[in-house]
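The next block holds one structure in the form of structure tokens; read it before the comments.
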Amino acid sequence: MENEHVDPANAIEPPRVKPRALTPLQHDDAASRLAQRLRQIRDRLGMSSRQIAEAINISESTLSRHFSGARLISPRTLKALHDLLTAKGIPASPEERSENWKLLNEAWSAEGPLRAHYCGAVRALEQIEQQLEETSAEARDLRAEMKAAEEQRQRAEQELAEFRATHEELTEEQRQRLGDLTTERDEAVARVKFLEDRIQQMEALSRLLVMQQHAVGEVVHAAEVEVARWQNDPEPAPFRTAQASPRREMEEFADKLHRLRSSKDAPGAYNAANALLDDYTPEQVAEVWEILRSWSQWDDAQWLLEHIATSASGPTIAQISKAECFKEDKVNKMLWTTGRKGYEHTVIATIIELRRELREDGAQRLIQAAMNRIPNVAKYRSGNQKRSVLPWKS
């Protein structure tokens with residue numbers, strides 16, 4: 001039979017095929033077990049479904065369907081639940097996280113490779129963020145260890161200096177003791193250097209992980225967009241990766257300041273403090289001060305306070321004193337009584353507070369630093385003023 005000629009104008013157009021939506025939830029074993037584990041997370045949180053939904057920014061009805069198993073949870077929401085557990089101080093163990101992601105991947109893989117890829121990308125993002133937290137915690141431990149090693153080095157050097165000063169002609173036993181002290185000092189110096197190197201490596205690793213975090217975050221958003229397009233859903237909002245912890249950033253700044261001062265790099269410490277005042281908010285400056293104190297770096301914390309008081313730019317002490325970390329501190333009790341933010345007043349207030357804390361050396365350093373710019377400060381050199389009354393309140 002000959003083929004009939006069909007006029008294209010009269011041809012019947014085949015029906016348009018709508019892009020196939022991913023198959024509905026199949027109540028398989030993986031999805032069912034995952035729903036059970038989600039209910040366990042809800043019980044651990046001790047929160048209502050409404051409270052959890054508000055915390056992770058989804059509707060309560062959607063969350064309830066996830067808990068019941070009527071709807072498969074999205075990778076974004078599973079990660080948000082893991083993050084919420086961490087925020088509440090009851091983080092899921094690595095084994096729990098791994099099992100949850102394994103079950104979700106099994107369930108999503110049954111609905112197509114695109115969703116499986118999206119699931120894997122979000123899991124990779126969560127793993128990077130976990131590494132960031134672990135890196136930060138390890139850096140904190142290393143700083144604490146380095147502080148102890150520095151104290152040991154200082155004790156060994158002091159004892160070595162005293163021994164040499166009091167012994168001119170050494171007996172065999174004293175020579176042995178001198179050798180032991182020298183060895184102890186050298187080992188402490190080597191330990192400090194090793195720890196400093198490790199801390200610097202951890203800081204570099206943190207920077208690399210943040211770069212990975214942002215890159216994988218972009219992949220996650222692209223995968224979400226493709227899944228939404230395939231399902232004819234509205235394009236989702238950009239996937240917001242967890243930002244680099246502000247606390248971690250301030251810890252790194254505090255550590256940098258401490259290392260510069262420990263190495264007697266006065267210009268470096270001065271420039272770093274100026275950068276802190278120029279580039280960060282009063283609350284962040286106050287947090288660096290609080291971190292130094294929490295590490296028992298009292299001299300560094302006090303030096304920063306003096307630098308703030310004598311700096312011509314950036315926040316004043318009165319401004320940073322309003323930060324949360326000052327609420328229970330002795331310094332704040334004095335600063336809140338000033339009622340003024342004037343440069344002269346904050347400097348004088350700091351001098352008085354130093355003397356209240358019996359830190360005459362710090363008071364004298366601040367007086368010397370401020371004398372060229374505040375003539376009235378000179379009269380505080382003697383230390384005979386009333387310490388319980390601020391000068392403009394008397």
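Points worth noting:
- Stretching E145 away from L205 to a fully extended chain increases their span by 19.7 nm, per 0.36 nm per residue minus the current alpha-carbon distance.
- Ranked order, T166, T135 - accessible area, probe 1.4 Å, largest first: T166, T135
- Ranked order, K147, K102 - accessible area, probe 1.4 Å, largest first: K102, K147
- Solvent-accessible surface (1.4 angstrom probe) belonging to I199, in square angstrom, nearest 10: 0 Å²
- Ranked order, Y270, Y280 - accessible area, probe 1.4 Å, largest first: Y270, Y280
- Stokes-Einstein diffusion coefficient of the stretch 133-222, Kirkwood radius over Cα pairs, 37 °C, 0.692 mPa s, in µm²/s: 205 µm²/s
- Solvent-accessible area of F194 with every protein chain in place, 1.4 Å probe, in Å² to the nearest 10: 90 Å²
- Backbone N under 19 Å from the Q130 label point (7 Å along Cα→Cβ), restricted to the stretch 33-59: 34-35, 37-42, 44-45
- The stretch 257-297, accessible surface, carbon-and-sulfur percent (1.4 angstrom probe): 46 percent
- Protection proxy ranking, highest mean first, for peptides 112-125, 84-97: 112-125, 84-97, where packing is the per-residue count of other beta-carbon atoms within 10 Å, averaged.
- Nonpolar atom fraction for the stretch 159-238, defined as the carbon and sulfur part of the 1.4 Å probe accessible area, stands at 53 percent.
- Additional length obtainable on full extension of the chain from Q176 to A190, 0.36 nm per residue less Cα span: 2.9 nm
The values are calculated or read from the model by the stated rules, or taken from the named source; none is laboratory data. Since this is a predicted model, take the numbers as computed values, not measurements. Neighbour counts run over all protein chains shown; Cβ positions are idealised from the backbone, glycine included. Side chains included, ligands, DNA and RNA excluded: accessible areas come from the protein's heavy atoms. Shrake-Rupley method; radii C 1.70, N 1.55, O 1.52, S 1.80 Å.
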